[in-house]
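Asker: Structure incoming, see below.
The values are calculated or read from the model by the stated rules, or taken from the named source; none is laboratory data. Here the structure is a predicted model, which is why all the values come from computation and not from measurement. These accessible areas exclude ligands, DNA and RNA; they are computed on the full protein's heavy atoms, side chains included. Shrake-Rupley method; radii C 1.70, N 1.55, O 1.52, S 1.80 Å.
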Amino acid sequence: MRQAPEPEYAALIAVSPNTRDIVVLTGSGVADRLGDKVAQLGVTAAIPPFQAGDLIDGVIAALRVIRRQQTGFLTFSHDAA
């Protein structure tokens, strides 16, 4: 996360495809909105799809849960490039 443009305002969801581990890391600027409890809810949502071998659905499930917990705080966007 150090090389992110503003790491203190970033969140990273890291997944290991081989071990199906998932970790949520947050910068200090978002830790008050995306704390351990919310991160754990996201990780918990990812477990059933991961166990079924579907990592993409697991990550999406985690993002949806985190987003529901953070409505009004976080905005998810992507470049259409």
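Asker: Mind ranking Ile66, Ile56, Ile13, Ile22 by accessible surface for me, highest first, 1.4 Å probe?
Answerer: Ile56, Ile13, Ile22, Ile66
Asker: I need the P(r) histogram for the stretch 20-69: all alpha carbon pairs, bin width 5 Å from 0 out to the longest distance, whole percents.
Answerer: 5, 26, 30, 21, 12, 5, 2
Asker: Using amide H atoms built 1.01 Å from N in the peptide plane, name the residues 5+ places from Gly29, or on other chains, whose amide H lies under 5 Å from its own.
Answerer: Tyr9, Ala10
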